[in-house]
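The values are calculated or read from the model by the stated rules, or taken from the named source; none is laboratory data. Quick caveat, the model's predicted, so the values are computed rather than measured. Note: ideal-geometry Cβ built from the backbone for every residue, glycine included; neighbour counts use all protein chains shown. These accessible areas exclude ligands, DNA and RNA; they are computed on the full protein's heavy atoms, side chains included. Shrake-Rupley method; radii C 1.70, N 1.55, O 1.52, S 1.80 Å.
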Amino acid sequence: MENVPNEILRTPDWLVDHRGGRLRRLHARFGGALCGVPMRRDAYAGMCWLIDGAEVPLSAVRRSGRPVYTGRFSANGLALALSLSYAVDKAGRLTVSAALQNEADTATPPFRASLRLGFDTFLAQYPDYNDQLFPTLLRCEKTHLWGYFSSPSGRLLALFTDAPTASYTLDYEKNAQGIFTASLDLLQPGRLPARHPQGLDRLSAGEKRPGTSRFCPWGRFMALEPSNPPLPQRRFCRCCTPAAIRSPRTRRAA
């Protein structure tokens, strides 16, 4: 592997080892401690670019600041230039910049362009999975995507993008419910829910589409404070008292 400077990013809140473009090691500050985030080491590793499901090899470009990873994809009528870079912004959020550009002088056919995140979200057995992040909520809006990954131990990694994101993909285990990892689809052909941005399935001649994803770790999100002021007491009829609601026999009789 070529030795490129600044491929390990260290701040008070992050340790990001992105040698070669992938996240080889990731630590984030959850609460008061810098904790490891499990990453995939196999065919689902990331972060990386996928074009119609095929990974695009990237190489580092030496620059005065942080390195930028670039690559090209030429197949199926596509001529694309892609880039990927990592930084921490002034608010302390991990920022992943992923851009693609159509290098042809004609519009592309519809295709899927995805940023595979590479988080190890497959919860195999307790207690091994206690600190693994799971894609608990991902939601596409017309102007951006937002959501979070959370762990059984209570850690939460919030995510949002600064540009429209067509959809997202969860890589399920075949014939099962386990999820290996997740990807953000900047472009996605085919029919999408009405809430999603529409028409993000191709690039016009020479068009460049930048995308920035920001990640923000939180502490134990399950530590709820008592409501203030307290909620008013609710009156129940005989059939709807809390004790009756908890009783399976009462619910069947109702």
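Things to note:
The rows are residues; the columns are (1) in a loop (DSSP other than H, G, I, E, B); (2) farther than 29 Å from E173 by Cα; (3) open to solvent by less than 40 Å² (accessible area, probe 1.4 Å); (4) touching a residue at least 60 places away in the same chain (Cβ under 8 Å).
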site: L15; (1), (2), (3), (4): no, yes, yes, no
site: G20; (1), (2), (3), (4): no, no, yes, no
site: L26; (1), (2), (3), (4): no, no, yes, no
site: R29; (1), (2), (3), (4): no, yes, no, yes
site: L34; (1), (2), (3), (4): no, yes, no, no
site: A43; (1), (2), (3), (4): yes, no, no, no
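- Test: residue in the stretch 226-246 that is open to solvent by less than 50 Å² (accessible area, probe 1.4 Å) and either more than 29 Å from M39 (Cβ to Cβ) or at pLDDT 95 or above (or both): yes
- Exactly one residue among F160, F122, F111, F180 is within 11 Å of the chain's Cα centre (by Cα) and not aliphatic (A, V, I, L, M), and that residue is F160.
- Total residues in the stretch 45-69, condition outside any strand (DSSP E or B) and under 22 Å from S150 (Cα atoms): 3
- The strands (runs of 3 or more DSSP E) falling completely within the stretch 95-192 include none with 3 or more residues that are surrounded by fewer than 21 Cβ atoms within 10 Å (Cβ to Cβ) and modelled with pLDDT under 95.
- The one condition from (1) open to solvent by 30 Å² or more (accessible area, probe 1.4 Å); (2) among the β-branched types (V, I, T); (3) closer than 30 Å to P152 by Cβ that T70 does not meet is (3).
- Selected residue (criterion: nearest to P152 (Cα to Cα)) from residues of the stretch 25-34 that are touching a Pro at 6+ places or on another chain (Cβ under 8 Å) and of a type outside the set (K, R): F30
- Every residue from the stretch 70-94 that is part of a strand (DSSP E or B), farther than 24 Å from R214 by Cα and of a type in the set (G, A, S): S74, A75, A79
- Test for F221: is it at pLDDT 95 or above, on the phi < 0 side of the Ramachandran plot and either assigned to a strand (DSSP E or B) or not hydroxyl-bearing (S, T, Y) (or both): no
- Within the stretch 45-58, restricting attention to residues that are of a type outside the set (A, V, I, L, M) and over 15 Å from R24 (Cα atoms), the residue that is least open to solvent (accessible area, probe 1.4 Å) is W49.
- The single condition among (1) among the aliphatic types (A, V, I, L, M); (2) modelled with pLDDT of 95 or more; (3) open to solvent by 60 Å² or more (accessible area, probe 1.4 Å) that A91 does not satisfy is (2).
- Among the residues making up the stretch 49-79, those that are more than 22 Å from the chain's Cα centre (by Cα) and hydrophobic (A, V, I, L, M, F, W, C) are A60, V61, F73, A75, L78, A79.
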